[in-house]
Structure formats: C-alpha cells, structure tokens
Amino acid sequence: MLTYAIKRILLAVLILIVVMLAMYAMVFLVPGDPASLALGPRATPELKRELIARMGLDQPLFIQVYRFFANALSGDLGYDVWSKRPVAAQIAEVFPQTLLLGLAAMGWAVVLGVALGCSAVIYRGTFMDRMLGLLSVSLISIPSFVVAIYLLLIFAVWLNWLPAIGAGEAGDPWSQFKAVLMPAFAIGISWVGYLARMVRASMLEVMGANHIRTARAFGLPERRIVFKYALRIAIIPTISLLAVAFGSILSSAVFVETVFSRPGIGTLVTAAVQKRNYPVVMGTVLTMTAFYLMVVTLADLVIASLDPRVRDVLRG
C-alpha cells in the first residue's frame with residue numbers, strides 16, 4: 001500500500017509540473033504583447049516596460065519557470081499586477097466560497113444519484129427502470145449554465161423566493177443557505193445522472209455475486225439486499241467518479257459564480273483574464289489543479305485500501 005501511495009503522489013506531482021509548464025506556454029502563445037493587451041493601445045513604452053518587468057516577462061523562459069516553481073513551493077504565487085496584493089491571499093479569501101458551493105452541489109447530487117441508481121436496480125427490467133434511465137440521460141445532457149439562467153428566471157424573478165446574486169449576508173446562515181441553493185442545484189444536476197448510471201451498472205454486476213444469491217435464498221427483502229449488501233461493494237467504482245465529479249463541479253463554478261455574481265474562484269479568475277492579470281490567472285489555475293489532484297489521489301488511495309486488486313494491477 002505504501003508503494004502504491006508513493007507512486008500515486010509522484011504521478012500527481014508530475015501532472016502538476018506539466019500543468020505549470022503548459023500555463024507558461026499559453027502565456028507566450030497568446031497573440032499580442034501581454035503588456036499592450038493589459039494597458040491598452042494608448043500606453044506609453046515606459047509603462048509597458050515597467051509592467052513587463054513587474055510581471056517578470058523580461059527574463060528568459062527557463063528563469064521564469066524556475067522562479068515560479070521555487071516561489072510556489074514556498075506558498076508564494078506572486079502579486080496582483082494592479083492591486084499589488086499577494087495572489088495567495090486573494091485565493092484564500094474566495095476559495096472557501098467555491099469549496100462550499102462545490103460541497104453543497106456534490107452532497108445533493110450524491111444523495112439523489114445513489115437513490116436513483118438503487119431504485120433502478122430494484123425495479124430493473126420494468127417501466128420504472130426505463131423511465132429512471134431516461135431521466136438520468138436527460139440530466140446528463142443539461143448544461144449547468146442553462147439551468148442557472150432558468151433558475152434565476154423562475155425562482156428569483158418570477159417567484160422572488162431566492163436571492164438572484166451574492167452569497168448571502170455575513171453571519172446569517174439562513175441567508176447564505178438560500179443564496180447557495182440555486183448555484184448548487186445548477187452545478188450538481190448533470191452529475192445526478194452520471195452517478196445514477198454508474199451506481200446502476202455497478203449494482204447489476206454485484207447482484208450476481210454468491211453472497212447476494214445466499215441472501216435471497218434466506219428470503220431477505222430485495223430492498224435490504226440492495227442497500228445493505230450490494231451497495232457497499234458497488235460504491236467502490238463510484239468513488240473515482242466522485243473525485244472526477246468534484247473536480248468538474250469546481251470548474252463549473254467558474255460559469256455559475258459569474259451568473260449568480262458569487263464571490264469565488266470563478267469570479268476571481270474571470271476578472272483576471274479580462275484584465276490580462278497573469279499572476280492571478282496562473283495562481284488560481286495552479287491552486288485548483290493541485291486541489292483536484294489531491295482529491296483524485298485520495299480517492300485512488302481509498303479505493304486501493306478497500307479493494308486490494310487495484311494495488312495488484314499496479315504491481316503487476
């Protein structure tokens with residue numbers, strides 16, 4: 001298990017290094033001079049040179065990459081080009097809001113997705129199973145930003161039940177709860193379908209196992225067999241999907257936070273891209289990538305601890 005964990009961590013570090021190199025490559029592939037794009041066409045050559053020096057773009061590429069690596073390892077993600085504030089401090093201010101939104105979306109998606117998947121297994125081969133399958137596929141195909149717009153129109157404009165923008169008032173849990181409902185629903189709705197299909201497929205494989213047939217021979221109710229004996233085994237392949245889902249949910253927050261004007265990583269990186277604020281863009285991308293890799297690595301380690309066959313495959 002220790003060897004497997006070390007290999008997974010090293011792979012995550014390698015992916016993070018590749019992402020950092022790709023970010024620098026994209027900075028140089030963007031058409032035009034970064035300083036001219038940021039300052040506008042009326043900027044003087046002196047201002048352009050000052051901004052390029054402040055961003056460190058006047059140094060050779062390998063020196064820029066080395067400095068960014070060395071500073072990132074010490075927790076220094078650079079400084080905002082315009083406000084001169086540390087990028088790490090700005091990310092620390094807004095990341096809890098994005099994390100809260102992601103956890104809320106993931107929470108309700110997991111509960112409903114697992115329930116739909118188990119229900120499809122209980123009623124497998126029936127009209128209910130086909131309807132649940134149609135519902136799952138329909139939910140998968142719905143874009144989150146479209147759901148967000150319709151939620152705003154219905155619940156904020158027409159019914160006036162929920163706030164249209166913001167994250168709620170500080171110190172008011174009920175206000176914050178109402179503010180997170182629509183964004184969390186918009187982000188998590190497509191993953192309800194994915195989780196339902198995955199749980200159903202995994203459960204159908206487990207339902208043919210010997211211990212399930214033994215439970216049926218003892219006359220146990222089908223619901224008890226599904227939820228008590230089959231689900232805890234069938235949920236193992238779903239753990240890796242949950243890690244991927246959480247990363248996708250956090251990336252979807254970029255669009256949903258913009259639609260609902262919520263403070264978070266999404267609004268921070270959107271404003272940084274519009275202003276060509278490269279230190280903030282690279283800092284946020286690096287932070288989100290590192291967090292996503294951490295979640296995926298932890299999910300792989302949990303799966304390996306629950307199912308030794310995963311470790312055996314890697315060892316072989």
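The values are calculated or read from the model by the stated rules, or taken from the named source; none is laboratory data. It should be emphasised that the depicted structure is a prediction, and the values quoted were computed from it without experimental measurement. Note that each Cβ is placed from the backbone with ideal geometry, even for glycine, and that neighbours are counted across all protein chains shown. Please note that ligands, DNA and RNA were not included when accessible areas were found on the heavy atoms of the full protein model with its side chains. Shrake-Rupley method; radii C 1.70, N 1.55, O 1.52, S 1.80 Å.
Checking the structure you have, find out if any residue of segment 265-277 is closer than 14 Å to G102 by Cα and modelled with pLDDT of 80 or more.
Checking segment 265-277: at least one residue is closer than 14 Å to G102 by Cα and modelled with pLDDT of 80 or more.
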In segment 111-135, which residues are in contact with a helix residue (DSSP H, G or I) (Cβ under 8 Å, 6 or more places away or on another chain) and over 23 Å from I212 (Cβ atoms)?
L112, L135
Selection within segment 142-174 - of a type outside the set (D, E, K, R), exposed (fewer than 15 other Cβ atoms within 10 Å of the Cβ) and farther than 19 Å from W108 by Cβ
I149, L153, V157, W158, L159, N160, I165, G166, A170, G171
Sort out which residues of segment 124-141 are open to solvent by 40 Å² or more (accessible area, probe 1.4 Å), in contact (Cβ under 8 Å) with a residue 12 or more places away in the chain and assigned to a helix (DSSP H, G or I), and write them in order of number.
L135, V137, S138, I140
Residue in segment 188-200 that is most open to solvent (accessible area, probe 1.4 Å), counting only those that are within 12 Å of L116 (Cα to Cα) and of a type outside the set (F, W, Y)
R197
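Okay, residues lined up against (1) among the basic types (K, R); (2) more than 30 Å from I265 (Cα to Cα); (3) touching a residue at least 40 places away in the same chain (Cβ under 8 Å):
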{"position": "V147", "(1), (2), (3)": "no, no, yes"}
{"position": "L159", "(1), (2), (3)": "no, no, no"}
{"position": "G166", "(1), (2), (3)": "no, no, yes"}
{"position": "Y194", "(1), (2), (3)": "no, no, yes"}
{"position": "H211", "(1), (2), (3)": "no, yes, no"}
{"position": "V226", "(1), (2), (3)": "no, yes, yes"}
Complete set of residues in segment 158-175 that are part of a helix (DSSP H, G or I) and at pLDDT 85 or above
W158, W174, S175
Inside segment 88-118, the number of residues satisfying the requirement of being in contact with a Pro (Cβ under 6 Å, 6 or more places away or on another chain) and open to solvent by 30 Å² or more (accessible area, probe 1.4 Å) is 1
When you scan segment 209-277 for helices (runs of 4 or more DSSP H) that lie fully inside it, which ones turn up with 3 or more residues that are surrounded by 15 or more Cβ atoms within 10 Å (Cβ to Cβ)?
231-260, 265-274
A careful count of residues in segment 63-80 that are in contact (Cβ under 8 Å) with a residue 24 or more places away in the chain and assigned to a loop (DSSP other than H, G, I, E, B) gives 3
A35 meets each of (1) at pLDDT 75 or above; (2) crowded, with 17+ Cβ neighbours inside 10 Å with one exception, condition (1)
Which of the numbered conditions does V121 fail, given that it passes all the others? Conditions: (1) over 15 Å from the mean Cα position of the chain (by Cα); (2) open to solvent by 50 Å² or more (accessible area, probe 1.4 Å).
(2)
